[in-house]
Amino acid sequence: MPPFLSNPPDSLCLVRLSAIGDCCHTLPVVRTLQAAWPQTRITWIIGRTEHALLEGCAGIEFITYDKRSPGRGLRALRKELRGRHWPLLLHMQASMRANLVSLLVSADLRLGFDRPRARDGQWLFTNRRIAPQQQPHVMEGLFGFAQALGIQERVLRWDIPLSAADREFAASLRVSGRPLCVISPCSSQRLRNYRNWPVERQVALGQHLARAHRARIVLTGANTAEEQHFGSTIAEAVGEDAVDLVGRTSLKQLLALIAESDLVITPDSGPAHMATAAGTPVVGLYASSNPLRTGPWSCQDLVVDRYPEALAAAGLEPGTVRWGQRVRDPGVMALIELDDVTAKVDEVLGRSRRP
């Protein structure tokens with residue numbers, strides 16, 4: 001497919017509102033565009049929560065949208081965008097909410113996903129589409145936008161800015177001579193707790209980290225009842241080697257903590273992709289979702305993958321389901337055994353560590 005533009009535009013606007021992990025996947029695509037088109041001004045319309053993580057990223061004008069109050073958020077966005085026009089819109093999220101936001105963006109070329117991936121009628125809100133891809137990882141799919149613009153070389157760089165205070169906060173949690181490990185026990189999607197590994201096995205994992213590796217364990221997550229329950233249960237069982245920070249960190253502090261850590265262990269959730277951005281090894285726990293699509297980009301070798309078994313338990317076969325099909329049954333996460341996870345943890349922590 002020939003590129004849609006023969007010359008770099010003077011500016012572009014992209015829409016990617018959520019979620020944390022997907023915005024982490026989008027950022028290296030933006031860095032790639034910046035490297036190829038250094039004179040192009042980039043505006044990113046993003047959710048408020050996601051902006052709290054990416055705020056301050058160099059060379060990007062962020063415009064936030066309040067997803068908690070859609071009507072008021074659209075009205076505020078309409079006012080902010082009034083009178084502005086872009087040669088190019090990158091519509092990088094196939095959802096009805098993002099479609100409605102895209103209607104407020106005045107642009108000549110409106111580039112979206114190919115028809116099979118243009119969920120919620122996204123194809124009706126664009127006038128050009130990227131090339132189809134067979135079973136891509138989410139980040140691979142997003143890089144399809146750069147390829148559609150004739151940009152082949154990739155810049156796998158995130159450079160999310162952190163303050164000195166954020167870094168000092170993270171460093172204060174390290175104990176000299178001991179590995180620092182983050183357990184983010186839950187996916188914070190309130191209606192998607194089918195991604196969470198059983199709490200009793202996470203307790204056993206924490207105890208293994210403390211006994212076998214003398215690890216300092218930090219528990220993180222959002223301020224929801226379920227995550228508070230997981231965090232307090234694990235911390236109480238592990239004892240003084242664990243610090244429960246569930247609901248008590250900002251996203252910038254969490255990223256600083258992940259960057260400081262030797263290892264992150266988490267199910268399919270935002271911190272897995274924050275770890276990729278920070279360059280920290282992450283053991284991903286996957287049964288209800290396909291790690292080849294949503295797993296940690298740089299640590300696929302550390303994923304504990306029981307997705308094929310989960311499909312079989314649901315009476316499905318990998319070759320017959322939609323790419324990215326989820327198994328919405330919390331029971332399938334129990335297919336991940338403790339030994340599956342400790343083997344990956346031991347592999348990472350057996351390597352050279354920081355002093």
Suppose the filter is closer than 23 Å to THR294 by Cα and among the β-branched types (Val, Ile, Thr); does VAL30 pass it? yes
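If you take the residues in the range 30-85 that are aromatic (Phe, Trp, Tyr) and more than 18 Å from ILE160 (Cβ to Cβ), which one is surrounded by the most Cβ atoms within 10 Å (Cβ to Cβ)?
Initial filter on the range 30-85 (aromatic (Phe, Trp, Tyr)): 37, 44, 62, 65.
From what's left, more than 18 Å from ILE160 (Cβ to Cβ): 37, 65.
Working: TRP37: 19, TYR65: 25.
The qualifying residue surrounded by the most Cβ atoms within 10 Å (Cβ to Cβ) is TYR65.
Can you name the residue in the range 209-237 that is of a type in the set (A, V, I, L, M, F, W, C) and assigned to a loop (DSSP other than H, G, I, E, B) and, of all such residues, is surrounded by the fewest Cβ atoms within 10 Å (Cβ to Cβ)? Write out each step before concluding.
Looking only at the range 209-237, we keep the residues that are of a type in the set (A, V, I, L, M, F, W, C), and these are 209-210, 212, 215, 217-219, 222, 225, 230, 234-235, 237.
Pick out the ones that are also assigned to a loop (DSSP other than H, G, I, E, B) and you get 215, 222.
Details: ALA215: 25, ALA222: 21.
The residue in question is ALA222.
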Is it the case that the range 73-86 has a residue that's touching a residue at least 40 places away in the same chain (Cβ under 8 Å) and either outside the structural domain of ARG110 (by TED's automatic domain parsing) or at positive phi (or both)? no
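Answer yes or no: is there a residue in the range 238-248 that is of a type outside the set (Asp, Glu), in the same structural domain as ASP305 (by TED's automatic domain parsing) and part of a helix (DSSP H, G or I). Don't jump to the end; show me each part of the working.
Within the range 238-248, the subset of a type outside the set (Asp, Glu) is 238-239, 242-243, 245-248.
So of that shortlist, the ones also in the same structural domain as ASP305 (by TED's automatic domain parsing) come out as 238-239, 242-243, 245-248.
Filter once more, keeping what is part of a helix (DSSP H, G or I): 238-239.
Yes, the range 238-248 contains at least one residue that is of a type outside the set (Asp, Glu), in the same structural domain as ASP305 (by TED's automatic domain parsing) and part of a helix (DSSP H, G or I).
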Kindly provide the set of residues from the range 6-28 that are touching a residue at least 40 places away in the same chain (Cβ under 8 Å) and under 14 Å from the mean Cα position of the chain (by Cα), ordered by number. ARG16, LEU17, SER18, ALA19, ILE20, GLY21, ASP22, CYS24, HIS25, THR26, LEU27, PRO28
ILE183 out of contact with any strand residue (DSSP E or B) (no Cβ under 8 Å at 6 or more places or on another chain) and crowded, with 16+ Cβ neighbours inside 10 Å: no
Can you name every residue in the range 152-194 that is β-branched (Val, Ile, Thr) and within 23 Å of the chain's Cα centre (by Cα)? VAL155, ILE160, VAL182, ILE183
Per-region count, the range 115-173, residues more than 30 Å from GLU260 (Cα to Cα), in a helix (DSSP H, G or I) and not small (Gly, Ala, Ser): 11
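I'd like to check something: does the range 70-93 contain any residue that is of a type in the set (Phe, Trp, Tyr) and assigned to a loop (DSSP other than H, G, I, E, B)?
So in the range 70-93, the residues of a type in the set (Phe, Trp, Tyr) come out as 86.
Add one more test, that the residue is assigned to a loop (DSSP other than H, G, I, E, B), and what stays is none.
Among the residues of the range 70-93, not one is of a type in the set (Phe, Trp, Tyr) and assigned to a loop (DSSP other than H, G, I, E, B), which makes the answer no.
The values are calculated or read from the model by the stated rules, or taken from the named source; none is laboratory data. Source: prediction; values computed, not measured. Reconstructed Cβ throughout: ideal geometry from the backbone, glycine too, with neighbour counts over all protein chains shown.
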